[in-house]
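One structure is given here, and the rest of the page talks about it.
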Amino acid sequence: MKTRRNVLAVTTVTVATIAMLAYTVPANAAGVDLKIGTIHPLTGGNADYGIGLTSAAEFAAESMTRAMKKAKVAGSCKITASEDDQATPAIAVEAATKLVKSNKVHAIVGPLTSGATLAAATSVTVPNNVVMIATAASNPSISTFKDNDTLFRTYPSDAFQGKVIAKALQNAIGKEGTINIGARNDAFGTALANVLTSEWVKGGGNVGAKVIWNPDGATFDSEAKALTDKTPDAWVIVDFPDTFAKVGPALKRTGKWDPTKTFFTEAMNNEAVIKTIGLDVMAGSKGTAAKSMGFEADKWKAARKTAKPSTKETFVDASAWDATVLLCLAAIHGKSTKAAVLSKSLRAVSGSNGGKLIPWTKLGNAIKAAAAGQNFTYQGAWTTAKFDVNGDTSGALFQIYNVGTDGKITSDAKNDIKF
Amino acid sequence: MTPFYTSISKKMFASNEGWPVTDLIQYLFNGLVAGSIFAIAAVGISLLYSVLRLVNFAAGDFLTLGAFITYFFSVTLELNFILSIIISMLAGMAICWFLELVLWRNLRRNKAGTLALFLVATGVALMLRPIIQYIFGTETRRFNVDILKTYDFFGARIPQTQLIVLIFATISILLIALYMAKARVGKDMRAYANNPSLAAVSGINVDRVVMATWLISGALGSLAGVFQGLVQGQFNNAMGETLLLSFFAAVVLGTIGDAYGALVGGLLLGLFMELSQLDIFFGGVPSNYKPVVAFAALVLVLLFKPEGLFGYRSRKV
């Protein structure tokens, strides 16, 4: 009986000890299993962009996990769920809630739009202390948003783009020209319209008309009329494809609007989008868009095409690749999935603290450096982030694109503007 | 020498010179187009409420469905456009008929209250949306019509498609009004809406009235969807739900449950929204405040006539 008791006691103590050890010490001290969720529009007018970004994030996680194995660094980096926000703030909040509460992700890549980003951050990621890297949100107010250092972005702020459009307009119509601005009524549209107005007037130009439209409007002919009543030297349109597909024909019907004197923003920098809206509306127009300033961007595009051949390519896909890779590197660097550690390590691996350059083509080297706790500068396929105190990237490159009569988009690198 | 009247008329109709006539025509036309679509959709909602006390929250999605079905027959299967619209209206009627038989009739028999019916209608809307998305996708669609052709009318630009929509919407509105006033079932619907118990004991075939209400509502929903798709030039799966609030505003403005009121309410709402941009209104209300103007007008009307514009007449009938 006594022997049986002793055996039972020893067994209990042994099981308890093993359980405690298992709880307190990871299987491998360097191994962190990072769970990432993505939020992008997978349906609706911005779906082309959302699908491309989601695919790029998945490609990044797969590449990182493979590279970690090869570098013999334990742990993993996984996209555990990809949510569709339809570029709508309310749906983005639902998506973020699901990712944080149900999927228990440690970080989020996305959303695409400023409105969705600000909504998801305000309602979900900031209160729940989850790191989020927006992939194409450009509203300047994201920089000063009170986020407890959890909100980052790999896409440049419209504080830059406002200047770029003003510069492009100055080259096209001179400094003192008159422009009419049409913009969608949301976080992206109104903010960029205001930045542009300020930049344009500061440079000596005039704004003849500024028309802000509700994307949910029943008709847009009155807005088109207001935008064309006084003929300017140029128009600037800040809109998304699904809304401009309705505004564009209304503008054309006024008989006063000239697409060849019109500048768009990045949302129209896509040939599929041009085709959907219609060549009769878009041909001859121009636009500005952020451009990859990453290391060997074309090589990345080719690698992605091989890995994900069915995904349609958009100009901004690599932004999600970089966001995902940086999160994985930060988790390895900080040896933790906690938000505070991830935020600190995101700066350590993105070059904010200096350190040697390691391009995306050498993920193994970046992983080893991160595992060793070194500061280094990850050179991404989209950007070299060097996140500042606001979580913004430190530089930006913009292109001026032209829409041909055949719907093809071209741009001349000589006209690129770098910050 | 240019005759005096020519010079004056040129000035009056040249909007850039500050004479508002051209602007007035343009905004009036835009308002009538938007308002006629609100009116058609609002009549369906109002009829359902008056007869069944049902707040049809799925009305916006029936609108979207109508546009997509027309698109499928006219663009994908390349059938005649008018024929496609008729098929779409028949499909709208068939779905409403089916839902009446399997859902609404049973709910009424089980004495479901207005709130329960409203919640079920919301459920139908939430089911319809993903079904539409699954079947038709989320891409932006466009009917095979020339949406860029316009006519010049005293300096105002009148788009061909919108003119056609306005003409057909006016015909539809007149037909509905005529049907409600003259047809036996229309009269029965009004009688039943006014006093269901009395109507039932006076020999009115209640099932026939209810079914007719659903069929009219289904047909109007599809028609409004096609009209809206034509006016916008392009549409996607979110079209109907974004307009739902305006439809209900039109219903409330014209008195809840009054079909004639909904017609007028819809037209007024569209006119309020568009005409508010005329210069004479404080230099023109910015277009992003159009809904604010419309709803402010709605609140003002309700302050003085809480029962809506046609409330008195409704009580009297």
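The values are calculated or read from the model by the stated rules, or taken from the named source; none is laboratory data. Since this is a predicted model, take the numbers as computed values, not measurements. Cβ sites come from the backbone with ideal geometry, for glycine too, and all protein chains shown count toward neighbours.
No other residue among B:VAL201, B:VAL185 is farther than 25 Å from A:GLY255 by Cα and out of contact with any helix residue (DSSP H, G or I) (no Cβ under 7 Å at 6 or more places or on another chain) apart from B:VAL201.
Of the residues making up the stretch A:207-234, those that are facing another protein chain (nearest Cβ under 7 Å) and not in a loop (DSSP other than H, G, I, E, B) are A:VAL211, A:ILE212, A:TRP213, A:ASP221, A:SER222, A:GLU223, A:LYS225, A:ALA226. Of everything in the stretch A:256-284 that's crowded, with 24+ Cβ neighbours inside 10 Å and touching an Asp or Glu at 6+ places or on another chain (Cβ under 9 Å), which residue is farthest from the other protein chains (Cβ to nearest Cβ)? Here the residue is A:THR265. Please enumerate the residues belonging to the stretch B:217-275 that are surrounded by 24 or more Cβ atoms within 10 Å (Cβ to Cβ), assigned to a helix (DSSP H, G or I) and within 9 Å of chain A (Cβ to nearest Cβ). Within the stretch B:217-275, B:GLN228, B:VAL231, B:GLN232, B:LEU243, B:SER246, B:GLY270, B:MET273, B:GLU274 qualify.
Quick check on the stretch B:74-90. Is at least one of its residues on the phi > 0 side of the Ramachandran plot and away from chain A (no Cβ under 14 Å)? Taking every residue of the stretch B:74-90 in turn, at least one turns out to be on the phi > 0 side of the Ramachandran plot and away from chain A (no Cβ under 14 Å). Of all the residues in the stretch A:143-157, those that are without any contact (Cβ under 8 Å) to a residue 40 or more places away in the chain and either β-branched (Val, Ile, Thr) or not assigned by TED's automatic domain parsing to the domain that holds A:VAL124 (or both) number 0. In a residue-by-residue description of the stretch A:96-112, the property of being over 23 Å from A:LEU329 (Cα atoms) and polar (S, T, N, Q) applies to at least one position.
Exactly one residue out of B:PHE295, B:PHE281 is in a helix (DSSP H, G or I) and modelled with pLDDT under 90, and it is B:PHE295. Scanning the stretch A:163-170 for any residue that is within 14 Å of chain B (Cβ to nearest Cβ) and under 23 Å from the mean Cα position of the chain (by Cα) turns up nothing.
When the stretch B:136-168 is filtered for residues that are among the aliphatic types (A, V, I, L, M) and within 13 Å of chain A (Cβ to nearest Cβ), the ones remaining, listed by number, are B:VAL145, B:ILE147, B:LEU148, B:ALA156, B:ILE158, B:LEU163, B:VAL165, B:LEU166.
This table checks each residue for (1) closer than 18 Å to B:CYS96 by Cβ; (2) among the basic types (Lys, Arg); (3) touching a strand residue (DSSP E or B) at 6+ places or on another chain (Cβ under 8 Å).
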residue: B:ALA169; (1), (2), (3): no, no, no
residue: B:ILE173; (1), (2), (3): no, no, no
residue: B:LEU178; (1), (2), (3): no, no, no
residue: B:ALA183; (1), (2), (3): no, no, no
residue: B:ALA219; (1), (2), (3): yes, no, no
residue: B:ASN236; (1), (2), (3): no, no, yes
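Picking from residues in the stretch A:338-373 that are of a type in the set (Val, Ile, Thr) and surrounded by fewer than 22 Cβ atoms within 10 Å (Cβ to Cβ), the one that is nearest to A:ALA302 (Cα to Cα) is A:THR361. Can you tell me which residue is farthest from B:SER36 (Cα to Cα) among those in the stretch B:189-209 that are buried (at least 21 other Cβ atoms within 10 Å of the Cβ) and either within 14 Å of chain A (Cβ to nearest Cβ) or not hydroxyl-bearing (Ser, Thr, Tyr) (or both)? Ranking the qualifying residues of the stretch B:189-209, first place goes to B:VAL209.
The criterion of at least 2 residues that are more than 22 Å from the chain's Cα centre (by Cα) is met, among helices (runs of 4 or more DSSP H) falling completely within the stretch A:271-386, by A:271-277, A:279-282, A:318-334, A:363-371. For the stretch A:94-109, the condition holds for at least one residue, the condition being that it is within 14 Å of chain B (Cβ to nearest Cβ), free of Cβ contacts under 8 Å to residues at least 12 places away in the same chain and not hydroxyl-bearing (Ser, Thr, Tyr). Here is the figure for the stretch A:285-311: residues that are surrounded by fewer than 21 Cβ atoms within 10 Å (Cβ to Cβ), of a type in the set (S, T, N, Q) and touching a helix residue (DSSP H, G or I) at 6+ places or on another chain (Cβ under 8 Å) total 1. State whether the residues of the stretch A:169-184 include one that is touching a helix residue (DSSP H, G or I) at 6+ places or on another chain (Cβ under 7 Å) and either closer than 30 Å to A:SER350 by Cβ or among the aromatic types (Phe, Trp, Tyr) (or both). No, every residue in the stretch A:169-184 fails to be touching a helix residue (DSSP H, G or I) at 6+ places or on another chain (Cβ under 7 Å) and either closer than 30 Å to A:SER350 by Cβ or among the aromatic types (Phe, Trp, Tyr) (or both). Residue selection: A:SER55 fails the criterion of being of a type in the set (Ser, Thr, Tyr) and either at pLDDT below 55 or over 30 Å from B:GLU241 (Cβ atoms) (or both).
Scanning the stretch B:283-306 for residues being of a type outside the set (Gly, Ala, Ser), surrounded by fewer than 17 Cβ atoms within 10 Å (Cβ to Cβ) and away from every other protein chain (no Cβ under 14 Å) gives a total of 7.
Any chance the stretch B:41-57 includes a residue that's within 14 Å of chain A (Cβ to nearest Cβ), over 28 Å from B:ASN195 (Cα atoms), in contact (Cβ under 8 Å) with a residue 24 or more places away in the chain and out of contact with any Asp or Glu (no Cβ under 8 Å at 6 or more places or on another chain)? So far as the stretch B:41-57 goes, no, none of its residues is within 14 Å of chain A (Cβ to nearest Cβ), over 28 Å from B:ASN195 (Cα atoms), in contact (Cβ under 8 Å) with a residue 24 or more places away in the chain and out of contact with any Asp or Glu (no Cβ under 8 Å at 6 or more places or on another chain).
State whether one or more residues within the stretch B:88-106 are in contact with a strand residue (DSSP E or B) (Cβ under 9 Å, 6 or more places away or on another chain) and under 20 Å from B:ALA224 (Cβ atoms). No: the stretch B:88-106 contains no residue that is in contact with a strand residue (DSSP E or B) (Cβ under 9 Å, 6 or more places away or on another chain) and under 20 Å from B:ALA224 (Cβ atoms).
Taking the stretch A:235-255 as the range and being part of a helix (DSSP H, G or I) and within 7 Å of another protein chain (Cβ to nearest Cβ) as the test, the residues that pass are A:ASP242, A:ALA245, A:LYS246, A:PRO249, A:LYS252, A:ARG253. The stretch A:32-129 holds no helices (runs of 4 or more DSSP H) entirely within its bounds that carry 2 or more residues that are surrounded by 24 or more Cβ atoms within 10 Å (Cβ to Cβ) and not assigned by TED's automatic domain parsing to the domain that holds A:LYS338.
Hey, can you tell me all the residues within the stretch A:62-85 that are of a type in the set (A, V, I, L, M, F, W, C), touching a residue at least 60 places away in the same chain (Cβ under 8 Å) and closer than 18 Å to A:LYS368 by Cα? The answer is A:MET64, A:ALA67, A:MET68, A:ALA71, A:VAL73, A:CYS77. Only residues that are on the phi > 0 side of the Ramachandran plot and surrounded by fewer than 16 Cβ atoms within 10 Å (Cβ to Cβ) were counted in the stretch B:136-163, giving 2. Taken over the stretch B:113-135, the criterion of being surrounded by 12 or more Cβ atoms within 10 Å (Cβ to Cβ), at pLDDT below 90 and within 18 Å of A:PRO41 (Cα to Cα) is satisfied by B:ARG129, B:GLN133. Sort out which residues of the stretch A:186-227 are free of Cβ contacts under 8 Å to residues at least 60 places away in the same chain, within 13 Å of A:GLY115 (Cβ to Cβ) and buried (at least 21 other Cβ atoms within 10 Å of the Cβ), and write them in order of number. Once the filter is applied, which keeps residues that are free of Cβ contacts under 8 Å to residues at least 60 places away in the same chain, within 13 Å of A:GLY115 (Cβ to Cβ) and buried (at least 21 other Cβ atoms within 10 Å of the Cβ), the stretch A:186-227 yields A:GLY189, A:PRO215.
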